[in-house]
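No lab work stands behind these numbers, since they all come straight from the coordinates. This is a predicted model, so every value here is computed, not measured. Note: ideal-geometry Cβ built from the backbone for every residue, glycine included; neighbour counts use all protein chains shown.
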Ligand SMILES: [Zn+2]
């Protein structure tokens with residue numbers, strides 16, 4: 001049986017990451033937003049970039065709970 005690791009892109013720089021990564025190994029940005037504190041330091045364009053990235057993840061996999069939660073945080 002072949003194990004296919006799920007790939008995601010860094011919301012900030014677009015790097016190819018594992019779904020299990022919490023921080024981008026290239027630009028050190030948070031991959032998944034888990035609290036409002038993560039967003040506090042973000043600029044508006046950066047938040048929009050993250051929202052776009054999560055929307056693409058949700059379009060590819062509507063059951064991606066991490067992306068759904070993160071995009072919800074962005075809109076708060
Ligand atoms: Zn990155």
Under the 7 Å Cα-to-Cβ spin-label approximation, residue 26 and residue 9 lie apart by a distance in nanometres of 1.1 nm
If the viscosity is 1.002 mPa s and the temperature 20 °C, what Stokes-Einstein diffusion coefficient in µm²/s follows for segment 3-76 when Rh is the Kirkwood radius over Cα pairs? 175 µm²/s
Measure nothing but the geometry: give the 0 to 90° angle between the long axis through the Cα atoms of 44-60 and the longest principal axis through the Cα atoms of the chain, rounded to 10°. 30 degrees
Please give the helix 65-75 orientation as an angle from the longest Cα principal axis of the chain, in degrees from 0 to 90, rounded to the nearest 10. 10 degrees
For n ≥ 4 DSSP H runs only, could you compute -39500 (n - 2.57) per run for the chain, divide by its residues and tell me the 222 nm figure to the nearest 500? -13000 deg cm²/dmol
